Amino acid sequence: MVTPLSIDLRESWRIRDVEIPTRLVLAPMAGVSVQAFRRQGRRYGAGLVCSEMVSVAGIQHRNERTLGYLRVAGDEHPLAIQIFGSEPRVMAEAARMVEAAGADLVDINFGCPVKKVTKTGAGATLLDDPARACAIVEEVANAVDVPVSVKMRRGLRDGARTCLDVGPRLVEVGAATLTLHPRSAQQMYTGTADHSLTAELVSLVDVPVIASGDVTSRARAQAVLATTGAAAVMVGRSAQGNPWVLREIVDGDDREPSREEVVAELLLFVRETVRELGERRATGFLKKFYGWYLGRGRFPKPFKQELVVLDSTAEVERRLLAAAPGALPLLERLENELETGDEVLLDSLPISIYGGG
Ligand SMILES: Cc1cc2nc3c(=O)[nH]c(=O)nc-3n(C[C@H](O)[C@H](O)[C@H](O)COP(=O)(O)O)c2cc1C
């Protein structure tokens, strides 16, 4: 029996020939996982980052906004781009574009519980249609050279164990790794993730398994790794406005960030997001992040309220710097350290479907 303490999160592992430098993966989150979020995740220790779910119908129709999600920066690798849809042929076509865009992995979403997606036959519903799910994975795996991964829930209804039946079949037809979020679709985000299912899945397949759900600390990450045999843990909600949790999980560095550090990271995030989405779209997109960054007792509550009503990010920046003037040199240092990506301005906004998996 491995004791949690003996687990080194800094160990590298592989999905076929893709080397993942740490055992921490940043979760795909619709309306959250923009490039700025993923690049930040890499800087704080995530070994693999993932785009939010991208509609293959949007890719097929060359929807400009959708194509914006396929933009990959040099310092994001290794990176997975996640697609969702229900038609194997359309999924395979989209996967080719995802590969051409520079993704190191094509990830397939069989986890999204949101009606808007499931009613189209995509997301978690595919767990109840294993033949179609297998056809999708097989066609996608045949269409691309990069490894194909699948992210799924335990099943549709509470108590379901569908993932244990479908998972091994997906591996047989070409999935190079599986991520399991062991809640049912019906559960959405209530209750807890039952990682005993993750352990069962690990015992059934000979590809690496990634454990997703309720990993909020190093202690929890080590316990999940030790008790499941998973290759890596995935972290989602805890990293919203809180990249420091990634550092804590990977390195055990549990220093609370200073107010200046928080503001510097938030401002970098604001600037990068404006560059990525354009000022107009970024203004709305960023509002939820103010609460995420400034909460957790870091700033008084009314401060966030002040920021969310502002309609320009320049004004947000001014107020933040007034509250923490010492953040400016930190921000400048962060910007100097960053690899400069391409400067393409995108008139696009992520599809904000809360809870894509
Ligand atoms: C706002 C939000 C958006 C999400 N979007 C996606 C998505 O696009 N694709 C996906 O596979 N999972 C999505 N998820 C699920 C997460 O990837 C993850 O599996 C889940 O949140 C459990 O992990 P956590 O407890 O660390 O948050 C989303 C979750 C949240 C909270």
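A few points about this structure:
- Taking the criterion of being farther than 17 Å from residue 32 by Cβ and part of a helix (DSSP H, G or I), the residues of region 67-85 that qualify are 67, 74, 75.
- Here region 245-270 is the region considered, the condition is being part of a helix (DSSP H, G or I) and open to solvent by 10 Å² or more (accessible area, probe 1.4 Å), and the residue that is nearest to the ligand (Cβ to nearest atom) is 245.
- Pair list, Cβ under 6 Å, 6 or more apart: region 80-93 residue at pLDDT 95 or above, other residue among the acidic types (Asp, Glu): 80/107; 82/107; 88/139; 92/139
- Test result for residue 131, part of a helix (DSSP H, G or I), out of contact with any helix residue (DSSP H, G or I) (no Cβ under 7 Å at 6 or more places or on another chain), open to solvent by 40 Å² or more (accessible area, probe 1.4 Å) and farther than 23 Å from residue 61 by Cβ: yes
- In region 188-213, the qualifying residues are those that are open to solvent by less than 10 Å² (accessible area, probe 1.4 Å) and in contact with a helix residue (DSSP H, G or I) (Cβ under 6 Å, 6 or more places away or on another chain), and the one that is nearest to the ligand (Cβ to nearest atom) is 211.
- Selection within region 25-35 - of a type in the set (Gly, Ala, Ser) and crowded, with 23+ Cβ neighbours inside 10 Å: 27, 30, 33
The values are calculated or read from the model by the stated rules, or taken from the named source; none is laboratory data. Every value quoted in this text rests on a predicted model; they were computed, and no experiment measured them. A quick note on method: Cβ atoms are made from the backbone with ideal geometry, for glycine too, and the neighbour counts reach across all protein chains shown. Keep in mind that these areas ignore ligands, DNA and RNA; they rest on the heavy atoms of the full protein, side chains included. Shrake-Rupley method; radii C 1.70, N 1.55, O 1.52, S 1.80 Å.
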